[in-house]
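Structure record follows, encoded as structure tokens.
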Amino acid sequence: MDISEFLRRADAVADAARAALAALAPDTRPDAAKGALNAATGDELAALRAALPALPHADRRAAGQAFNRLNQAIAALVEEFEAAQRQRATAPVLDLSMPARESWRGAKHPVTLVIEEIEAIFRELGFSVALGPEAEHAWYNFGALNFPADHPAMEMHDTLYLGDETLLRTHTSPVQVRTLQRFAPPVRVLIPGNVYRRDFFDATHAPAFAQIEGLAVDEGISFVDLKATLAEFARRFYGGTRRVRFGPSYFPFTEPSAQMDVEVDLQDGRGLRWVEILGCGLVHPAVLEAAGLDSERYTGWAFGMGPARIAMSRHDLPDIRLLYDADVRFLEQFAR
Ligand code: DAH
């Protein structure tokens, strides 16, 4: 063996060592890895070591250095292999083939969607949004709204009182008076909010539910404004897909009073049926006076609607309780 063959074979051993380690499974135990390395390089290393003393004196130094470099290179490869193993042992396992977890996007409740839709329609008609407290004073909830002193709605068994004079509001109408006390006419407001009644849950009632109140007060407002605005609302909301009708009604805080019904299929085989979705009327002069307005000068109209009932009519739902069950299998049909 001459020096050039010695150097060529030393390079070949380094390549063989690299290839042997690269061919191992990443989790090969250290002793098995050393065994594989020995098998690939041991004989040739021994042959090179044995050839060293037989080289011509002038080449021996260069050959010895090459042999040392070869051993260092193999040791470095072993260290690299073991370091990669140590790192793999502590690194989190990332399996790129694992199917992604299903994620919850969340969505607005169908009643919330209806409220937002109604707000958008009335905003286009010139209304702004006002809010009032859910814990209300009896005067705002009843007295200012012209309820007679013996009205059954005021009784303990109908109303959730918090104290002698405070209660959970039974409707959003008290915010009519609060708004008129704060803002001079012309007033056009939409008042969404939750209301509470000591009612039992049934297919069309809930003890806590959302309402949307509307109020328009100015000089010269008449029943024509009420009917035209609510008809326009129904036309925009239902897009002509549902028939609506007006009928007479009674509320202490309106005179005259009316209601609007919409045709709904409650999915009980009996076909379309009229369901009341709002009460309305011209604001009673006593209410304007209670709010401090001159009822000779100002007139107004108002309505109160139930967005859950309206959601029932929009989607032909058979039972209002579906909207309170928080059953995602039902609710996700309406997610946008
Ligand atoms: N406050 C009434 C209720 O809860 C609904 C209502 C009827 C509101 C007529 C009004 C109205 O503003 O004019 O049953």
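Each reported figure results from applying straightforward, stated rules to the coordinates on display, with no laboratory input. Just so you know, these numbers come straight off a predicted model, no measurement behind them. Here the Cβ positions follow ideal geometry from the backbone for every residue, glycine too, while neighbour counts run over all protein chains shown.
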Self-check item: Most mobile listed residue (96, 167, 230) in the chain, GNM with C-alpha springs under 10 Å
Solution: 96
Exercise. Starting from the Cα-Cα distance between residue 225 and residue 155, subtract it from 0.36 nm times their residue separation and give me the gain in nm to one decimal.
Key: 21.8 nm
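Determine the gain in length on full extension of the stretch residue 112-residue 194; use 0.36 nm per residue of separation and subtract their C-alpha separation, reporting nm with one decimal.
So the extension gain works out to 28.4 nm.
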Self-check item: Computed E for residue 98/residue 12 - FRET, C-beta separation, R0 41 angstrom, nearest 0.05
Solution: 0.45
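Highest first, please rank the peptides 274-281, 308-315 by the mean number of other Cβ atoms sitting within 10 Å of their residues.
Top of the packing list down: 308-315, 274-281.
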Quiz item: So, in Å, what gap is there between the alpha-carbon centers of region 17-83 and region 279-336?
Solution: 86
Quiz item: Tilt of helix 110-124 relative to the longest C-alpha principal axis of the chain, in degrees (0 to 90, nearest 10)?
Solution: 60
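Which FRET efficiency value, to the nearest 0.05, is calculated for residue 87 and residue 47 with the Förster distance at 35 angstrom and r the Cβ-Cβ distance?
With R0 = 35 Å, the Cβ-Cβ based efficiency is 0.50.
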Quiz prompt | Among 307, 252, 56: highest mean-square fluctuation, GNM of the chain, C-alpha pairs under 10 Å | solution = 56
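Compute the Cα gyration tensor for region 195-301, then decide on rounded, prolate or oblate, letting a ≥ b ≥ c be the square roots of its eigenvalues: rounded whenever a/c is under 1.5, prolate when a/b is larger than b/c in the other cases, and oblate in all that remain.
oblate
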Quiz item: So what's the net charge close to residue 134: Lys and Arg +1, Asp and Glu -1, counting the other residues with Cβ under 14 Å from its Cβ?
Solution: +1
Quiz prompt | Cα convex hull volume per residue for the chain (Å³) | solution = 279
Quiz item: With a sphere of radius 15 Å drawn around the Cβ of residue 240, what net charge do the other residues whose Cβ falls strictly inside it have (Lys, Arg +1; Asp, Glu -1)?
Solution: +4
Quiz item: Based on DSSP H runs of at least 4 residues, each adding -39500 (n - 2.57), what is the mean residue ellipticity at 222 nm of the chain after dividing by all its residues, to the nearest 500 deg cm²/dmol?
Solution: -13500 deg cm²/dmol
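What is the gain in length, in nm to one decimal, between residue 58 and residue 202 on full extension, counting 0.36 nm per residue of separation less the C-alpha to C-alpha distance?
Extending this stretch completely gives an extra 41.1 nm.
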Quiz item: Helix 3-22 versus the longest principal axis of the chain: what angle, 0 to 90°, nearest 10, using Cα atoms?
Solution: 30
Quiz item: Relative to the longest principal axis of the chain, what angle (0 to 90°, nearest 10) does the C-alpha long axis of helix 30-51 take?
Solution: 30
